[in-house]
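Below: the structure, in structure tokens.
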Amino acid sequence: IRDEENGYNKNLFCIPKHYEEDLERVFIPHGLILDRTERLARDIMQDMGNHHIVALCVLKGGYKFFADLLDHIKALNQNGDKSVPITVDFVRIKSYC
């Protein structure tokens, strides 16, 4: 996405009522995020070959993306011609200021 990107008019999307006044535009539609997540899963499967995948999720913010990414990887594992073992773990990180 270019820096000068104006995004999409919020009227093109179903926005929950409690967010309508807080939003001006939508910069990245959910469908585009899902498409890129699926593409990332394909790239991971291709790059890893038959190597074991260790997936590590940083909690408190990354769990939804992590779950979507793992769903795509699992679908590729089930529907593809190869199956790669996956280990999943979680880590909680605290930032210090």
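A compact table of results
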item	result
Nearest-ten-degree value, helix 63-79 long axis tilted from longest Cα axis of the chain	50 degrees
Space enclosed by the convex hull of the alpha-carbon atoms of the range 8-92, per residue, Å³	119 Å³
Rounded accessible area per residue of the chain, 1.4 Å, Å²	84 Å²
Cα centre as origin, Lys/Arg/Asp/Glu Cβ charges: the chain dipole, Debye	360 debye
Dipole of the range 34-97, positive end: most advanced residue of Gly61, Met45, Leu76 [Cβ charges, Cα centre]	Gly61
Two-decimal log10 I(q)/I(0) for the range 1-51, as the Debye equation yields it once each C-alpha is a single scatterer, q = 0.14, 0.18, 0.30 Å⁻¹	-0.54, -0.70, -1.11
Accessible carbon and sulfur surface of the range 8-92 relative to its total accessible area, %, 1.4 Å	54 percent
Longest site-free stretch - the chain; sites: trypsin sites (Lys or Arg not before Pro), DSSP loop, at most 11 other Cβ within 10 Å	3-59
Qualifying chymotrypsin sites (Phe, Trp or Tyr not before Pro) for the range 1-94 [loop in DSSP, other Cβ within 10 Å: at most 13]	Phe13, Phe27
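The values are calculated or read from the model by the stated rules, or taken from the named source; none is laboratory data. Small disclaimer: the values here were computed from a predicted structure and weren't measured. Heads up, the Cβs are rebuilt from the backbone with ideal geometry, glycines too, and the neighbour counts pull from every protein chain shown. All accessible areas refer to the heavy atoms of the entire protein, side chains included, with ligands and DNA or RNA removed. Shrake-Rupley method; radii C 1.70, N 1.55, O 1.52, S 1.80 Å.
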